[in-house]
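Colleague: Once you've had a glance at the structure underneath, I'll fire off some questions.
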Amino acid sequence: MNTTPASQPPGRRWDPCIAHRGAEVPHFIADYFTQSDRIPLLVAGAGFDPRARVVAEALCNANPNTSALLIKELRPGAPSDQSDRARANTTALANLLGQHTLLRINVFGPDGAVVGGRNAVSALSTPPLDGVTDVVVDISALSVGTSFPIIRYLFELTVSDHGPPNLHLFVTHDPSLDDGIRSVSSDSPDFIHGFRGNSTLSSAADSARLWLPQLSSGRRAALGKV
């Protein structure tokens, strides 16, 4: 378990924050989400990734009242085998979660621009969160362009007291599986929705910019566009 050191300056976005890894995670789920006053809402991907069901199954075993917003990221020209696996995962998740809503999110706009994050946040702003004590975002089967804006949106709701008091982030880690997944990049580099900050102001004109493909493997095509 990791906590933010007391010596760090106050006001950091992740303070307070508790982290669990490996075998600690099932113990945390069993201890925390089985409490009678917990009303969890799961936000997770319903795509081809086999990790899509892991967190959902653990939560439902701990708390049968878990509801969910399942995000199906739609990309043009997806291979048929991926579409088949996505349908199987969606069906399994629907059967597992009694109360759920399937949100179909277009990742690309008509002009090829990446709009998945913006679309996801727009879809999430509609369902009421009244009564929910804990939002669990499982990013295991979600793309970075979709999951980061979702987390930013829910975090801002939480810190402003307009959303559930507790926000949890889960990821099922599998490096070998990640190495076999090839992402699709946009035609030009752009900011992830919600993370533009002050970068477009004149005062930031001389600031260095780092495009995300530089931080991950298997991105030769994306780096070629840079």
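Colleague: What does region 28-113 give for Rg and for Dmax, in Å, if only its C-alpha atoms count?
Modeller: Cα only, region 28-113: 14.7, 48 Å (Rg, Dmax).
Colleague: With a ≥ b ≥ c the root eigenvalues of the C-alpha gyration tensor of region 60-156, is it rounded (a/c under 1.5), prolate (a/b larger than b/c) or oblate? Write out the running numbers ahead of the final one.
Modeller: Numbers: a/c = 2.24, a/b = 1.22, b/c = 1.83.
The shape class here is oblate.
Colleague: What are the ³J(HN,Hα) couplings of region 21-26, residue after residue, when phi is run through the Karplus curve with 6.51, -1.76, 1.60 and θ = phi - 60°? Round to Hz, x for glycine and proline.
Modeller: Each residue of region 21-26 in turn: 9, x, 5, 5, 5, x Hz.
Colleague: Can I ask one more? What is the gain in length, in nm to one decimal, between S122 and H20 on full extension, counting 0.36 nm per residue of separation less the C-alpha to C-alpha distance? Before the final figure, lay out each step's value.
Modeller: Values: separation 102, 0.36 × 102 = 36.72 nm, distance 3.02 nm.
Taking 0.36 nm per residue and subtracting the Cα distance, the gain is 33.7 nm.
Bear in mind that the values in this text are calculations on the coordinates, not laboratory data. Every value quoted in this text rests on a predicted model; they were computed, and no experiment measured them.
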